[in-house]
Amino acid sequence: HRFESLLLMNGAILTHSANTNAQVYTLDLHVTKDLIVEPGATINVDGKGYSWGNGPGKGIDGINGGGGGYGGDGGNPGMGGSAYGSLTEPTDMGSGGGSTGGYPYSLGSPGGGAVKLHVARNLVVNGLISANGANVESCTYAGYTGGGGAGGAIWLTAGTLQGDGNITANGGSGILVCRGSSGGGGRIAIYYENTSFSGTISAYPGAGYLY
């Protein structure tokens, strides 16, 4: 999608559709002047990457499913998915976590989606740009649980990066009391000519069972 300028006001949410095995969606914007994300506005593709049990770094099904991988490995060695994709030009989605693999079922959660923004002049982020993996929602009655989804991709190019908002591609959390596996962190690459950005940038693994 191409725009001359784009203003996301308080309460606005810009996203892409959730991915399925049959269809791939990403958010790719080219803005010839300015893109402004005001406080309370979000570019948000949380949990819209690969679905549970899918993707190049998918978590393995088991008694407790492994976390999805992308920028880093998913939690639970031998079960967590492996890292993949480009460090400098991240365009992949986060992989989904594995399920318990049998009755009683607990599905893993999906990974984060993918955002690519090319802004010729000013990219002002006072709100949120987010591609987090989804958290696991529940344990089974037997105390088993699926794995969290990996964080997705954020690739930003701007003339000037400004603002004090948040840019995140964190992994989804497992449920610690059920030894739920964490999703690996995603990938963030930011290129600019000038910057006064004072906000936070993070691509951490989710909380939960890591080792």
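The values are calculated or read from the model by the stated rules, or taken from the named source; none is laboratory data. What you see is a predicted model; the values in this text were computed from it and never measured. So basically every Cβ, Gly included, is an ideal-geometry build from the backbone, and we count neighbours across all protein chains shown. What goes into the accessible areas is simple: the full protein's heavy atoms, side chains included, and nothing from ligands, DNA or RNA. Shrake-Rupley method; radii C 1.70, N 1.55, O 1.52, S 1.80 Å.
Considered as a group, the residues in the range 134-157 that are part of a loop (DSSP other than H, G, I, E, B) and hydrophobic (A, V, I, L, M, F, W, C) include one that is farthest from S198 (Cα to Cα), and that residue is A142.
Residues of the range 146-190 that are of a type in the set (S, T, Y), in contact (Cβ under 8 Å) with a residue 40 or more places away in the chain and over 23 Å from D73 (Cβ atoms): T157 alone. Can you find even one residue in the range 129-144 that is open to solvent by less than 10 Å² (accessible area, probe 1.4 Å) and in contact with a helix residue (DSSP H, G or I) (Cβ under 9 Å, 6 or more places away or on another chain)? Looking through the range 129-144, none of the residues is open to solvent by less than 10 Å² (accessible area, probe 1.4 Å) and in contact with a helix residue (DSSP H, G or I) (Cβ under 9 Å, 6 or more places away or on another chain). Candidates in the range 158-206 are the residues that are closer than 22 Å to A142 by Cβ and assigned to a loop (DSSP other than H, G, I, E, B); of these, the one that is farthest from the chain's Cα centre (by Cα) is R179. Of the residues making up the range 93-110, those that are open to solvent by 50 Å² or more (accessible area, probe 1.4 Å) and more than 16 Å from G172 (Cβ to Cβ) are G101, Y103, Y105.
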